[in-house]
Amino acid sequence: MSETIERDEDAPAWPSRRNLLLGALCAISAGAGAAAVEHVWKRKDLSARFFNTLSIEAFDLPPTPGLTFADGRPVPGFASADLGDKRSLLYLWASYCPSCRAEHHLVMALAARGVAIYGANVKDDPAHARRFLAEHGNPFVAVGRDERALLQRALGARGVPASFVVAPGPKIDVSILGPIDEDAITTRVLPALAKGA
């Protein structure tokens, strides 16, 4: 004799094992996807890329901790206001950059000629930056830390080195994205620095 089991119509419907498994897999996939997006977002610093408020007219770079001039005075950071009333050279650099190392003698030569050079030290360890300048010389009137490369990105540079002749305003008069050489200094940098306001 067979027994019939009747289902109560008011009882809740239980999901099948297959639906439970699919639901669990979807939840795990969504969690893994969210974690991957968060990792990439933080690693690539996408917030800074999409919401960068810095510009040549509005930035403030803190000093590199412990960096001093030869006479022991601390090397200051700098801001857009420091560049606003004169022509100067803004140089983006880092101690880990081979091109920056190779052309450092050219930057030192510009400083020896009396050029006011502001150095933005990009994504660099302060101890490495201090060691580099102690060994190779400090051509800068000020060195600001661009720790997250926000100023670099705001100026359109994809990396270091990058050189900018800044005119009063401040505004960019000449941009050299990448290494500089003696020809660029002679034909582009020095003539731009020599212009009137």
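The values are calculated or read from the model by the stated rules, or taken from the named source; none is laboratory data. Since the structure is predicted, the reported quantities are computational estimates derived from the model, not experimental observations. We place every Cβ from the backbone using ideal geometry, glycine too, and count neighbours over all the protein chains shown. Side chains included, ligands, DNA and RNA excluded: accessible areas come from the protein's heavy atoms. Shrake-Rupley method; radii C 1.70, N 1.55, O 1.52, S 1.80 Å.
Here are some notes:
- At most 12 other Cβ within 10 Å, DSSP loop - trypsin sites (Lys or Arg not before Pro), segment 97-149: Arg113
- 5 angstrom amide H check on Thr68, placed H, neighbours 5+ away: Val75
- Extended-chain gain in nm, criterion 0.36 nm per residue less alpha-carbon gap, Met108 and Lys171: 20.3 nm
- One chain, two ends: Tyr96 and Ile28. Fully extended at 0.36 nm per residue, the span grows by 20.4 nm beyond their Cα-Cα distance.
- Residue-normalised accessible area of segment 56-143, given per residue in Å² at a 1.4 Å probe: 45
- Other-chain or far-sequence residues with amide H under 5 Å of Val160's (modelled H): none
- Rounded to whole numbers, the Karplus 3J(HN,Hα) couplings from phi for segment 136-148 are 10, x, 10, x, 9, 7, 7, 10, x, 8, 9, 4, 10 Hz, using 6.51 cos²θ - 1.76 cosθ + 1.60 with θ = phi - 60°, and x at Gly and Pro.
- For segment 72-133, the relative contact order works out to 43 percent when only alpha carbon pairs closer than 8 Å and six or more residues apart are counted.
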